[in-house]
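Every number here is computed from the coordinates shown, using simple stated rules; none is lab data. What you see is a predicted model, and the numbers here were worked out from it, not measured in a lab. Cβ sites come from the backbone with ideal geometry, for glycine too, and all protein chains shown count toward neighbours.
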Amino acid sequence: MTLIRFVPHLVAPLIAMALLAITSTIPPAAATPADTQTILLPTIMFQGSLPGPGRPGVFVMRNADDWRTFLSAARLTPTQMPDFTQNIAVAALLGTRATDGYTADIAQVMDRDWYLEVTVAEIPPAATSAVAQTLTNPYFIATLPKTEAPVVFSQGQFGTLQAPYNEFERLIRFTSELHYERTADQRRLQRAEQRIRELEALIARLQQTLPPDAIRPTH
């Protein structure tokens, strides 16, 4: 028969060990990226102006079907297709301008962890340059490293935000998935808190029946 002594200063370590055993059974939450912002460097593929009037628009292409749909809508016929295994393509049309000489460009691409923000720039013709009085629609097409994150566009003095409908849908799905993950994490936390309360109640009951100075036999 072995004799052990139950002493008060061992209670805290026992509680800590019990809590560690509980939390170790909780599946870890999915890793999330740090809250950082990174500037990405786009590669301009095509840049110019469509002849005649046209509507403004922003586009994101993630595969060959998206690319062909964009070319049809924009009335463009570029010969080179992006490598969609490595990249996505983004494009913007500024809409009708009264003269030529305007340039559509990317001012910045910011990776904001959960989405990409493409800032569209409009560069007007220089005041001293001669321009033709003809309607044009400036545009650019660029590639970015492949990502599943939604893409939005900002433009103008106040940074007005726009997104193609397919990217808006992607943003909604992405937000719903995060809500689901948060709910699952909350449920895991609630289960852990319930186990902690039950074990603390058990420890409290045992303390009542095991006087600190008592020597109890074990078998």
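Structural remarks
- The mean of 1/r over all pairs of different alpha-carbon atoms in segment 38-176, once inverted, gives a Kirkwood hydrodynamic radius of 15.6 Å.
- For segment 116-171, the fraction of C-alpha pairs farther apart than 16 angstrom is 60 percent.
- Per-residue HN-Hα couplings for segment 41-50 [Karplus 6.51, -1.76, 1.60; θ = phi - 60°; Hz; x = Gly/Pro]: 9, x, 10, 6, 8, 9, 7, x, 9, 7
- Globularity index of segment 37-89 is 1.25 (Cα radius of gyration / 2.2 N^0.38 Å, N = number of residues).
- The amide H of V151, built 1.01 Å from its N in the peptide plane, has L116 as neighbours under 5 Å, considering only residues 5 or more places off or on other chains.
- FRET efficiency for the pair L178 and T119, taken as 1/(1 + (r/R0)^6) with r the Cβ-Cβ distance and R0 = 30 Å, rounds to 0.75.
- q = 0.11, 0.14, 0.17 Å⁻¹: log10 I(q)/I(0) that the Debye formula gives for segment 147-217, counting C-alpha atoms only: -0.57, -0.69, -0.81
- Scanning residues 5 or more positions from I106 or on other chains, those with amide H under 5 Å from its amide H are A121, with H placed 1.01 Å from N in the peptide plane.
- Cβ crowding within 10 Å averaged over residues, with 149-156, 119-126, 38-45 ranked highest first: 149-156, 119-126, 38-45
- Amide H contacts of L50: N137, Y139, each under 5 Å away and 5 or more positions distant or on a separate chain (H built 1.01 Å from N in the peptide plane; Pro and chain starts excluded).
- For segment 115-122, Karplus couplings with θ = phi - 60° (6.51, -1.76, 1.60), whole Hz, Gly/Pro x: 7, 9, 10, 9, 8, 8, 10, 10
- Couplings for segment 156-161, taken from phi via the Karplus curve 6.51 cos²θ - 1.76 cosθ + 1.60 with θ = phi - 60°, read x, 4, 9, x, 4, 8 Hz in order; Gly and Pro are left as x.
- Applying 1/(1 + (r/R0)^6) with R0 = 25 Å to the Cβ-Cβ distance of M81 and E169 gives a FRET efficiency near 0.60.
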